[in-house]
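Undergrad: Below: one structure in structure tokens.
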Amino acid sequence: TSAERLYALLENLLTWSKIQKGAMKCLPKSIDLSRIAAENVELFAPQAEQKQILLSNVIPKNTTAYADPSMVDTVIRNLLSNALKFTAPGGNVAVSTAEHAEHFLAVSVVDTGMGIAEEMLPKLFRIDTHSKSVGTAGEQGTGLGLILCKELVETNGGNLWVESEVGKGTTFTFTLPKQPVE
């Protein structure tokens, strides 16, 4: 477990460092969000089953956006991992999409987890504050995942935000362009 956590931290640090130095190339193309979400749901299915959480992908087939597939995959993977971490047995985690403005699509990861205190919300996406929490089964993160997600989404021309209520759950939503931004 310690080795896995250290590996995740190093991987996140390396990715974040590449973005900061401009060394990570954003290679946007038309991507199938349903397929990317389905692959990630499949990846986390054993963890969800072990925690007795209903994990679902409700993105309609052939829902497309214009973004870097690797970056979007990383964002969805991080958000699903967090949602599962902070959702108790018997809860739900879902990834979905909705229209957002004229040229954007919103992707949401919604959970029925423990929620985030209002005073913690502004700290989630900041590198200069420590906002790590322990999951419902003692899971720990690196503290960099959400910061990395925000950077990756913004690199693709979108925004990332969170809505949460303690004891009710959390929704992380990010936008992606539907077509190339001119």
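The values are calculated or read from the model by the stated rules, or taken from the named source; none is laboratory data. Predicted, not measured: the structure shown is a model, and the values here were computed from it. Positions of Cβ are generated from backbone atoms using ideal geometry, with glycine treated the same way; all protein chains shown enter the neighbour counts. All accessible areas refer to the heavy atoms of the entire protein, side chains included, with ligands and DNA or RNA removed. Shrake-Rupley method; radii C 1.70, N 1.55, O 1.52, S 1.80 Å.
Undergrad: If you scan region 59-84, which residues turn out to be open to solvent by 60 Å² or more (accessible area, probe 1.4 Å) and of a type outside the set (V, I, T)?
TA: Step one: list which residues in region 59-84 are open to solvent by 60 Å² or more (accessible area, probe 1.4 Å), which gives 60-62, 64, 66, 70, 77.
P60, K61, N62, Y66, S70, R77 - these are the residues of region 59-84 that are open to solvent by 60 Å² or more (accessible area, probe 1.4 Å) and of a type outside the set (V, I, T).
Undergrad: Residues of region 126-136 being surrounded by 14 or more Cβ atoms within 10 Å (Cβ to Cβ) and either modelled with pLDDT under 60 or touching a strand residue (DSSP E or B) at 6+ places or on another chain (Cβ under 9 Å) (or both), which ones?
TA: S131, G135, T136
Undergrad: Out of all the residues in region 163-178, which are crowded, with 19+ Cβ neighbours inside 10 Å and either within 17 Å of G113 (Cβ to Cβ) or within 15 Å of the chain's Cα centre (by Cα) (or both)?
TA: Scanning region 163-178 gives S164, G169, T170, F172, T173, F174, T175, L176.
Undergrad: Please specify each residue of region 107-124 satisfying the condition of being of a type outside the set (A, V, I, L, M) and either assigned to a loop (DSSP other than H, G, I, E, B) or open to solvent by 70 Å² or more (accessible area, probe 1.4 Å) (or both).
TA: Scanning region 107-124 gives T112, G113, G115, E118, E119, P122, K123.
Undergrad: For region 85-106, state whether one or more residues are surrounded by 15 or more Cβ atoms within 10 Å (Cβ to Cβ), assigned to a helix (DSSP H, G or I) and at pLDDT 90 or above.
TA: Checked against the condition, which is being surrounded by 15 or more Cβ atoms within 10 Å (Cβ to Cβ), assigned to a helix (DSSP H, G or I) and at pLDDT 90 or above, region 85-106 yields at least one hit.
Undergrad: Hey, another quick one. When you check L9 against the structure, is it modelled with pLDDT under 95 and farther than 26 Å from P177 by Cβ, yes or no?
TA: yes
Undergrad: Need pairs with beta-carbon distance below 6 Å; first residue more than 20 Å from Y66 (Cβ to Cβ) and within region 154-170, second of a type in the set (S, T, Y) and open to solvent by 60 Å² or more (accessible area, probe 1.4 Å); sequence gap 6+ or separate chains.
TA: Pairs found: G169/T112.
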